[in-house]
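Bear in mind that the values in this text are calculations on the coordinates, not laboratory data. Because the structure is a prediction, the values reported are computed rather than measured. Note that we place each Cβ from the backbone using ideal geometry, even for glycine, and neighbour counts take in every protein chain shown.
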Amino acid sequence: METNLLITLQNYGFSEKEAKVYLTVLELGTSIASTIARRSEIKRVTVYTILDDLKRKGIANETTKDDVKFYSVISPDILLKQLEQKFESFKEKVPELLALAEKFGNKTRIQFFEGLEGMKKVYAELLTSKDHSIRSFLGSHEAHPVLRDYLNEHFVPQRVKYKIKAKVICCESEDNKSYHKVNKKNLIEVKFIKDDIFKLSCGIDIYAGNKVSIVLFSKEEMSGLIVTSKRFHDTLASIFDFIWVKK
């Protein structure tokens, strides 16, 4: 099964298992649950649950013949139309949502995220930077390979597309150096500090005028939080700028 197709579907709201089942049924055409389970390598009882969820979302269909249930899924072009309709519907509500956020804008808000899907949400928030810039502290821990692929293949191209510049202060590790070599042309400036001076095991991003994200992205643990606070943002931004100028 194509990994890039799985990632694409996950980027548009599918869970990993939903994406696997959708692609499996799309390839099979119409099939029974046991065949779908075998081809997708997902337990049959789980496949039934996923198919029920996809039916509720209007993505899967069920027919019965001789007391046997057969399943199919909508074509990608119809799925695209559904996504476009949802996008337009959400777009209409954005002004109301922004007004609600402004109403409580002075209150500090903390959101917690876990796992790969959680990390994607944290990094998606970075693309909302109003001033088109991100200040980042990057620790020495090697990123989880799946997350690293997501950042290189999806997040960085999106950041460049939106012309969001990044300044990064990071530990002088081999992983960070190789990452910089790949991304040095992508609207990014980097300054390295030796590990024995700058001991940091997480990533910190300061952006959007009032947000700070803190993430643990190693192979052992993927979790993070987003703090929405003007004072918290400005304090860390000042610390970053001081180090940047001195380095």
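Side notes on the structure shown:
- Among [x] 1, 6, 12, 17, 19, 19, 14, 8, 3, 1, 0; [y] 1, 5, 11, 14, 15, 14, 11, 10, 8, 6, 3, 2, 1, 0, 0, 0; [z] 1, 7, 15, 20, 22, 18, 11, 4, 1, 0, the entry that matches P(r) over Cα pairs in 5 Å bins from 0, in percent as calculated here: [y]
- Ranking of Val156, Val212 by count of other Cβ atoms within 10 Å, fewest first: Val156, Val212
- Remark: for residue pairs Lys120/Lys211; Lys93/Lys211; Lys121/Lys211; Lys20/Lys55, the C-alpha separation exceeds 18 Å in Lys93/Lys211.
- A DSSP coil position with no more than 11 other Cβ atoms inside 10 Å describes the following GluC sites (Glu not before Pro) in region 28-86: Glu41.
- When Asp195, Asp131, Asp67 are arranged by Cβ crowding within 10 Å, least crowded first, meaning fewest neighbours, the order is Asp67, Asp131, Asp195.
- DSSP beta bridges fully contained in region 38-166 are about 75 percent antiparallel.
- Under the convention that each Lys and Arg Cβ holds +1 and each Asp and Glu Cβ holds -1, the size of the dipole of the chain around its Cα centre is about 740 debye.
- In a fully extended conformation the segment linking Ala99 and Ser34 would gain 18.5 nm over its present Cα-Cα distance, using 0.36 nm per residue.
- In terms of the mean number of neighbouring beta-carbon atoms within 10 Å, the peptides 4-13, 224-233 order highest first as 224-233, 4-13.
- Annotation: extensible slack from Ile243 through Lys65 equals 57.1 nm (criterion: 0.36 nm per residue apart, minus Cα-Cα distance).
- Positive end of the dipole of region 3-77 (Cβ unit charges, origin at the Cα centre): among Gly13, Val45, Ala33, the Cα lying farthest that way belongs to Val45.
- Per residue, the chain reaches -15500 deg cm²/dmol at 222 nm when only DSSP H runs of four or more residues are counted, each adding -39500 (n - 2.57).
- Rounded to the nearest 20, the Cβ-based charge dipole of region 106-246 about its Cα centre (Lys and Arg +1, Asp and Glu -1) stands at 720 debye.
- Model label points for Leu225 and Thr49, set 7 angstrom from Cα along the Cα-to-Cβ axis, are 2.9 nm apart.
- Here the residues Phe14, Phe192, ranked from fewest to most Cβ neighbours within 10 Å of their Cβ, fall in the order Phe192, Phe14.
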